[in-house]
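First up is the structure itself, then whatever we jot down about it.
Read-outs throughout are calculated quantities, based only on the coordinates presented, and are distinct from any laboratory measurement. Everything quoted here is computed from the prediction, not taken from an experiment. Heads up, the Cβs are rebuilt from the backbone with ideal geometry, glycines too, and the neighbour counts pull from every protein chain shown.
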Amino acid sequence: MAHAFSKFGAEGWYCPKCNKPLERVSVNVEYMGASFFVELPGCPTCGTILVDQELSSGKMLEVEKLLEDK
């Protein structure tokens, strides 16, 4: 089940399920047989990861196009 994230001013991002501040975590991302690690904000308790719109529609789209061209 996907969870929405809440942003509370200067305090940063919090997990809506656990209400814990997100921390930078290393995440293994796999796509079309390629695997690579990226650092993303994640919940230290439940492990839910935040992929913001800029990353998903910007950088990830660029990577997706590069991998599909190969």
Fewest-first sequence of Ser57, Ser35 by Cβ atoms within 10 Å of each Cβ: Ser35, Ser57
Fewest-first ranking of Leu22, Leu67, using other Cβ atoms within 10 Å as the exposure measure: Leu67, Leu22
Cα-Cα separations in the stretch 6-69 greater than 20 Å, expressed as whole percent: 36 percent
Residue exposure sequence - Cys18, Cys43 - by fewest surrounding Cβ within 10 Å: Cys18, Cys43
